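None of the figures in this text is laboratory data; all of them are computed from the coordinates on show. Computed from a predicted structure; not experimentally measured. Neighbour counts are summed over all protein chains in view; Cβ atoms, including those assigned to glycine, are modelled from backbone coordinates with ideal geometry.
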Amino acid sequence: MKKTMMIAALVALPVGLSGCDKKPEAPKIEAPNAAATADAMSSMEMAAGSKMGKGSGIVTAVDALTGRITLDHGAIPAVGWPAMKMGFSAKPDLLKGIAVGDKVDFNVTVSGSAGEVTAIRKH
Ligand SMILES: [Cu+2]
């Protein structure tokens, strides 16, 4: 019976940690340790609070009405991210004039595994 409860707890953990499309592979750990089972990126960010970084990439989707943008971005060492394609939130005003296919530089604030673009400019 105890085993079943442990498995249920492990299955419930990844909920809410899905900000990025690609994540580094987390090593498999046998003990049901919550910190160890979260992926490395998210657990580090949660411990440290929000972080800021600068990146560059290509816009693959943008919705200025809802304030969402998807970027295929290069590595952002300041926040511990490898290159990846992922969605960000952004203030709708920031996204006016930004179109799919634009090459952009951007600032990002990361808390947990969610990122918000706080500044963006076309190359
Ligand atoms: Cu990312």
For this session: Answer yes or no: is there a residue in the range 53-61 that is among the charged types (D, E, K, R), in contact with an Asp or Glu (Cβ under 9 Å, 6 or more places away or on another chain), near the ligand (Cβ under 10 Å from one of its atoms) and assigned to a strand (DSSP E or B).
Result: no
Exercise. Looking at Thr70, is it within 14 Å of the ligand (Cβ to nearest atom), surrounded by fewer than 20 Cβ atoms within 10 Å (Cβ to Cβ) and hydroxyl-bearing (Ser, Thr, Tyr)?
Worked result: yes
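Take Asp93 and tell me if it is within 12 Å of Gly53 (Cα to Cα), of a type in the set (D, E, K, R) and surrounded by fewer than 18 Cβ atoms within 10 Å (Cβ to Cβ). Please lay out each step first, then the result.
On the way: within 12 Å of Gly53 (Cα to Cα): no; of a type in the set (D, E, K, R): yes; surrounded by fewer than 18 Cβ atoms within 10 Å (Cβ to Cβ): yes.
Spelling it out, it is not the case that Asp93 is within 12 Å of Gly53 (Cα to Cα), of a type in the set (D, E, K, R) and surrounded by fewer than 18 Cβ atoms within 10 Å (Cβ to Cβ).
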